[in-house]
Amino acid sequence: MKNILVTGGAGFIGSNFIHHLLRVETDIRLVNADALTYAGNLDSLADVADDPRYHFVQSNICDGEQMGAILRDFQIDTIVHFAAETHVDRSILGPRQFIETNLVGTFTLLEAARNYWLNEKALPLQSVRFHHVSTDEVFGSLALDEPAWTEDTPYAPNSPYAASKAGSDHLVRSYGHTFGLPYTITNCSNNYGAYQFPEKLIPLIILNALEGKPLPVYGDGQQIRDWLHVEDHCEAIHLVLTKGKNGETYNIGGENQPANLTIVETICAILDDLRRDSPHKPHRNLIQFVADRPGHDRRYDMDTRKINAQLGWSPRHTLEQGLRDTVQWYLSNPEWVDAIRQRQEYKGWLDANYKSREEKQ
Ligand code: NAD
Ligand code: TYD
């Protein structure tokens, strides 16, 4: 692993992963290929922008020529593929972009890798790897009494987002099986932590609470996610890249499964403590139940015994401490937050997603 292409590195997990890699690896060259959609944010990487090991190329994974040129120009031996459309609610209001980016984009990137590594034989095959970052949502939804998902659980995606990620996983696997493209896949649960775009549950609740705005909880708030601290996730991906076996998939989960309402209430309690003078205390009074997400998955739970047994990984963060650190991070980075809040696209999204929900309730 010398010349690494990170796609979607200006997003939430990608930017954390770039920070992680530059912290723990010295002898690498890292290229961040990101189209800078609404979710891409170079502010998240301002501190590494001048690092000689780091290069940013504004580029779209759906552009095969551009991807091919990056692979050749930087002699890329490792691709860590994060770039995607990622928000379930956006996939319900507008699924087309999810098909374009997650399916066509992943296909285009796979073709570029196949061409450079397998057809042109540019690098020794044992030195290359296509790593695909995927989600637990490909497995569908669990009833309360069902066991956690393993790597062998059949796919049953429920949202257009989950279906597009499931399809991209299948494409990656097929390129390994048919063409011999070296690959690994990780399916991880809901991440939280620094630099998460504030349309996802945890940062949205923190920022709304700070402003005294309603805290929207979909449906009855009893849906369960398996919350994973983003730094634990980055460590797991790094391990899979260095020690994971070609052609394998690994589940990554946080071993934390509270209901959404509990997450929201915990954030409120942390803010009550950290912002003792807030006029919005107690913040839990801001909770508002709103119309549910169509097709809302009830419960996610990842069985992580494989990555634990084979690579020795387990999450280090407790949810309680991780949430406290995350709230603290958003309190300490008002410039990062305000730059997003001022964007018209962001305001438009909040209107599109929440106005009709409040009216339906
Ligand atoms: P994000 O939405 O925060 O960032 C996505 C990034 O991809 C952005 O920087 C965006 O500009 C870039 N991008 C989008 N389309 C692109 C294109 N066509 N070409 C190049 N760049 C493009 O996403 P995230 O939360 O960091 O998720 C990263 C990956 O992890 C995704 O593949 C996602 O499916 C997966 N994942 C995320 C979570 C989670 O909780 N966030 C959970 C499981 C899996
Ligand atoms: P989200 O952060 O959108 O992630 P995902 O849909 O990938 O799980 O949502 C996490 C959970 O929180 C999910 O069950 C939906 C719920 N949710 C709310 O209750 N209110 C909100 O405003 C949002 C954005 C999500």
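Evaluated with a Cβ-only charge set (Lys, Arg +1; Asp, Glu -1), the chain carries a dipole of roughly 200 debye about its Cα centre, given to the nearest 20. Gap in Å between the Cα centre of region 1-43 and the Cα centre of region 173-209? Here the two parts' Cα centres lie 14 Å apart. At a 1.4 Å probe radius, carbon and sulfur cover how many percent of the accessible area of region 164-212? Carbon and sulfur: 50 percent of the exposed surface of region 164-212.
Between ARG173 and ASN333, residue separation times 0.36 nm minus the direct Cα-Cα distance comes to 53.6 nm. Debye-formula intensities of the chain, expressed as log10 I(q)/I(0) at q = 0.09 Å⁻¹, are -0.48 (one equal scatterer per alpha-carbon, no solvent). Seen against the Cα atoms of the chain and their longest principal axis, helix 12-24 is set at about 60 degrees. Per atom type, region 224-361 shows carbon and sulfur on 44% of its accessible surface, probed at 1.4 Å.
The angle separating the long axis of helix 64-73 from the principal Cα axis of greatest extent in the chain is about 70 degrees. Taking a sphere under 15 Å around the Cβ of PRO198 and counting the other residues whose Cβ falls inside, with K and R at +1 and D and E at -1, yields a net charge of -2. Rounded to the nearest 500, the helix-only mean residue ellipticity at 222 nm of the chain stands at -11500 deg cm²/dmol, with each DSSP H run of n ≥ 4 adding -39,500 (n - 2.57). Taken over the chain, lysine pairs spaced eight or more positions apart, or on distinct chains, with alpha carbons under 27 Å apart number 26.
Computed from point charges on the beta carbon alone (+1 for Lys and Arg, -1 for Asp and Glu), the dipole magnitude for region 107-248 about its Cα centre is near 560 Debye. Extension gain for ALA46-ARG23 works out to 6.8 nm (0.36 nm per residue, less the C-alpha to C-alpha distance).
Per-atom-type breakdown for region 1-137 gives carbon and sulfur 50% of the accessible area (1.4 Å probe, protein chains only). DSSP assigns beta bridges within the chain; of those with both partners inside it, close to 5 percent run antiparallel. The residues of region 272-361 have, on average, 60 Å² of accessible surface per residue, using a 1.4 Å probe with all protein chains present.
Accessible surface for region 204-254, divided over its residues, is 28 Å² per residue with a 1.4 Å probe.
The values are calculated or read from the model by the stated rules, or taken from the named source; none is laboratory data. This is a predicted model, so every value here is computed, not measured. Ideal geometry is used to build each Cβ from the backbone, glycine not excepted, and the neighbour counts take in all protein chains shown. With ligands, DNA and RNA removed, areas are computed over all heavy atoms of the protein, side chains included. Shrake-Rupley method; radii C 1.70, N 1.55, O 1.52, S 1.80 Å.
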